[in-house]
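> Structure provided below as structure tokens; questions to follow.
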Amino acid sequence: MKRFTKVTSLIMALILLLCSMSFAVAETTEESEMRIVCMAPSMVECVYALGLGDKIVGWSAYTDYPVAATTSGGYQPYQFYYDTDTQDFDVEYELGKKPGADGEYKEVAVVSKFYDYNAAILEGLNPTIVLCEGSDQATWVEDLNAKGYPTYCWVPESIDEIYNMMIEMGELLGVKEVAEELVAGYYARIEEIKAITKDLTQIRTYFEIAHQSDYGEWGKYGPYTEGGNTPFDQMIQIAGGVNIFNDGEGYINLYDSYGEEAFAEISKRDPQVILSPYWPGAYDFEVTSLYEIMTRPTFEQTQAVQTGRVAYYDSSLMKRFGPRTIKAIEKLAYLLHPYYFQNPENSVSPWELGKIDVAENFPAPLN
């Protein structure tokens with residue numbers, strides 16, 4: 001009986017060993033065949049942070065980070081696609097079947113913009129997984145899954161949800177431990193920042209998401225900001241500030257809420273710092289000049305204008321939730337409390353001062 005038990009144990013051990021070897025082979029094969037499509041630039045940053053950037057076969061027209069992404073064969077900046085609708089993308093070119101005007105062949109296809117994608121390019125890529133971000137892209141999930149593309153979308157509404165997203169993505173891609181280690185580091189850094197800002201005066205901050213646009217007979221829209229309990233609101237809190245519109249909810253169209261008194265409402269709340277978006281390669285008409293902000297009706301009454309604390313922030317850094325969210329918090333801490341924090345590495349310092357010379361070439365991409 002003992003001999004039978006021993007033999008049985010040996011057989012079971014052998015079976016388990018063979019199974020584990022088979023699983024390892026299957027897992028390796030699965031990774032080697034992984035074909036990831038990232039519909040939003042934030043998803044690209046997450047996948048690269050998880051160490052799987054070389055598995056991306058398709059991405060958004062707005063992809064410009066990390067630097068490794070911009071060095072892929074045939075890479076084009078977003079200006080290349082600015083006036084082209086996704087349905088008009090050159091499918092053969094994007095799939096690397098013919099060279100572009102520069103003679104380069106595409107290694108990674110551009111599939112999407114923020115609100116739409118090219119179905120023919122996606123089909124040609126035959127992805128094993130599609131990653132989306134935001135409420136608009138969430139509407140694609142059901143249709144893409146029905147077409148046989150395993151699709152996942154996240155709409156993070158807090159810092160915790162941003163980092164939960166990264167862990168969930170890591171699990172989907174087979175690198176959950178990597179994601180958990182990254183996230184643990186992000187939370188540790190947040191605690192370090194909070195340990196400093198908890199004893200500092202909170203700076204009243206107006207964080208403009210987008211400027212006001214006047215479409216004539218179609219009306220005015222904006223400016224836009226974020227209300228309380230949003231990722232931006234939490235980032236400002238951690239960095240030692242207070243969002244002057246934290247009594248609102250979600251994404252706020254201030255013109256919709258206050259009409260012609262929108263600017264007066266901002267002034268009434270007297271921000272000590274005003275932050276406006278800028279990003280690499282932005283066209284002049286896409287960006288509000290600091291002069292325009294400082295000369296808005298009633299803005300001369302604000303402490304921010306009176307003390308010259310009107311600044312740009314890197315929109316691509318602040319608005320792409322994922323691995324650089326912690327750097328965005330560090331940047332905010334520096335902008336709000338420059339005596340207590342240093343400008344984080346690979347963060348272009350002249351931007352927040354508005355010292356942009358459009359006649360100069362942009363510097364080399366940040367690492």
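> Go through the residues of the range 312-333 one by one and say whether even a single one is at pLDDT 80 or above, in a loop (DSSP other than H, G, I, E, B) and over 20 Å from the mean Cα position of the chain (by Cα).
No, the range 312-333 contains no residue that is at pLDDT 80 or above, in a loop (DSSP other than H, G, I, E, B) and over 20 Å from the mean Cα position of the chain (by Cα).
> With the requirement that a residue be closer than 18 Å to Tyr313 by Cβ, part of a loop (DSSP other than H, G, I, E, B) and acidic (Asp, Glu), what does the range 262-291 give you?
none
> Check Tyr187, Tyr224, Tyr115 and return the single one that is hydroxyl-bearing (Ser, Thr, Tyr) and in the same structural domain as Ala40 (by TED's automatic domain parsing).
Residue meeting the stated conditions: Tyr115.
> Sort through Tyr163, Tyr187, Tyr215, Tyr251 and tell me the only one that's surrounded by fewer than 16 Cβ atoms within 10 Å (Cβ to Cβ), out of contact with any strand residue (DSSP E or B) (no Cβ under 9 Å at 6 or more places or on another chain) and hydroxyl-bearing (Ser, Thr, Tyr).
When all the criteria are applied, what remains is Tyr187.
> So which strands (runs of 3 or more DSSP E) stay within the range 175-261 end to end and still have 2 or more residues that are in contact (Cβ under 8 Å) with a residue 40 or more places away in the chain?
Values: elements: 203-207, 224-226, 241-243, 251-253.
It comes to 203-207, 241-243.
> Tally time: how many residues in the range 54-113 are under 21 Å from Val130 (Cα atoms), within 22 Å of the chain's Cα centre (by Cα) and among the hydrophobic types (A, V, I, L, M, F, W, C)?
10
> Do you know which residues across the range 94-138 are among the small types (Gly, Ala, Ser) and without any contact (Cβ under 8 Å) to a residue 12 or more places away in the chain?
Residues satisfying the conditions are Ala101, Gly103, Ala119.
> Quick one: which of Pro338, Pro363, Pro350 is at pLDDT below 60, over 20 Å from the mean Cα position of the chain (by Cα), in a loop (DSSP other than H, G, I, E, B) and not hydrophobic (A, V, I, L, M, F, W, C)?
Of Pro338, Pro363, Pro350, the one residue that is at pLDDT below 60, over 20 Å from the mean Cα position of the chain (by Cα), in a loop (DSSP other than H, G, I, E, B) and not hydrophobic (A, V, I, L, M, F, W, C) is Pro363.
> Then there is this: Would you check if Gly170 is surrounded by fewer than 22 Cβ atoms within 10 Å (Cβ to Cβ), of a type in the set (Gly, Ala, Ser) and outside any strand (DSSP E or B)?
On the way: surrounded by fewer than 22 Cβ atoms within 10 Å (Cβ to Cβ): no; of a type in the set (Gly, Ala, Ser): yes; outside any strand (DSSP E or B): yes.
Here the answer is no, as Gly170 does not meet what is asked.
> Taking Glu300 and the conditions (1) acidic (Asp, Glu); (2) modelled with pLDDT of 95 or more; (3) part of a loop (DSSP other than H, G, I, E, B), which numbered condition does it fall short on, given that it satisfies the others?
Only one criterion in (1) acidic (Asp, Glu); (2) modelled with pLDDT of 95 or more; (3) part of a loop (DSSP other than H, G, I, E, B) is unmet by Glu300, namely (3).
The values are calculated or read from the model by the stated rules, or taken from the named source; none is laboratory data. As the structure is a computational prediction, the values presented were derived from the model and not from experiment. Don't worry about glycine lacking a Cβ; one is built from the backbone with ideal geometry, like all the others, and counts go over all protein chains shown.
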